[in-house]
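Here's the structure, in structure tokens; my notes come after.
The values are calculated or read from the model by the stated rules, or taken from the named source; none is laboratory data. This structure is a prediction, so every number in the text was calculated from the model and none was measured. All Cβ positions, glycine included, derive from the backbone under ideal geometry; neighbour counts span all protein chains shown. Just the protein is used for accessible areas: all its heavy atoms, side chains included, with ligands, DNA and RNA removed. Shrake-Rupley method; radii C 1.70, N 1.55, O 1.52, S 1.80 Å.
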Amino acid sequence: MRKLKIKSIFFILLIIPGILFIGCNVVDNDNENNNNNNNGNNNGNWRQSKYKLYNITNGIADSISYEFEYNWISYINENNFELKYSYIMPPQNAQTEVHIIKNESTHIQIVSVMSDITQTFGANTMRSITESTITNDYDLVTGLGLRSTSVVNLTTIINDGEPTISTPTNSETNYFIELQDEIDGVSIYKHSTGTGIYTLYKVKNGITLEYSNYSADNILYGTWIYTYPENSIIRTKVPNFMLSSYSNGQYRTVEVILDSEVELILQVKTFNNENILISQYESHYEKIVL
């Protein structure tokens, strides 16, 4: 077993509707653990412009839960950009604003999130404003992180009274990565914090093909497997888009519901092991010329 020449690695999971962050990776589709380093076809890039999530009732998508558009402040490629977007999350109508900056040259990704929610308890109301900033230092070769630091600030207001500002919460997490094996061009990495629990990643050319979570006693919790869809439109315009399946029988499908010269809309559905629909969203892509 050979250790990589890096001291530590970070692994943090931050789920924000429309974009999922695992380690250093920012993805705008079902490819939850992968860097999208391929910038599309030779005529320009395809980047996400809109996200729409549906409510599911008895296995049927019957209404829109929420949707939002992405505000790209700057964009070079999927490893160098600045992005903002906001949305209102039902049922409490929590308002959330997201600001993301990623810079390949500094190996840094910064995610700032502000959430504003008001709740009613009998005759009283409480407004909670949470501001958090997560800074991820990552490794370009593996697509995994090196270190994570976070700062969280909480302000509460009871019945429109004076704001109460809590002491900021600061944290830092360092992770370790070890190369376990290499088989047919696929590298297997062990990813841990030194506390016992760990994750094994199968990575090829910076793309995660599979990952499995284990307990400190080497008990397997579950495995996610990623495969490329056979649809030629998706493979051409967003070639690193991948579909996931889970070891408990959960799986995802994708369908192209609009394809034009300047716009692409993908509909992604998640089914449980009884083939019942449990989640559905749409990703809208726009073509840009760099």
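For the reader, a short list of remarks on this structure follows.
- Residue list for the stretch 109-154, restricted to those being within 23 Å of LEU200 (Cβ to Cβ), out of contact with any Phe, Trp or Tyr (no Cβ under 7 Å at 6 or more places or on another chain) and open to solvent by less than 30 Å² (accessible area, probe 1.4 Å): TYR138, ASP139, GLY143
- The residue that is nearest to the chain's Cα centre (by Cα), counting only those in the stretch 268-290 that are under 22 Å from ASN45 (Cβ atoms) and open to solvent by 30 Å² or more (accessible area, probe 1.4 Å), is GLU286.
- Scan of the stretch 194-205 for residues that are in a loop (DSSP other than H, G, I, E, B) and touching a Ser or Thr at 6+ places or on another chain (Cβ under 7 Å), ordered by number: ILE197
- Every residue from the stretch 60-92 that is free of Cβ contacts under 8 Å to residues at least 12 places away in the same chain, out of contact with any Asp or Glu (no Cβ under 6 Å at 6 or more places or on another chain) and open to solvent by 80 Å² or more (accessible area, probe 1.4 Å): ASP62, PRO91
- When THR227 is tested against (1) β-branched (Val, Ile, Thr); (2) touching a Leu at 6+ places or on another chain (Cβ under 7 Å); (3) crowded, with 16+ Cβ neighbours inside 10 Å, exactly one condition is not met: (3).
- In the stretch 162-189, the residues that are free of Cβ contacts under 8 Å to residues at least 24 places away in the same chain reach residues that are among the charged types (D, E, K, R) and surrounded by fewer than 16 Cβ atoms within 10 Å (Cβ to Cβ) with C-beta atoms within less than 8 angstrom, at least six apart or across chains, in these pairs: GLY185/LYS204; VAL186/LYS204; ILE188/ASP181; ILE188/GLU182.
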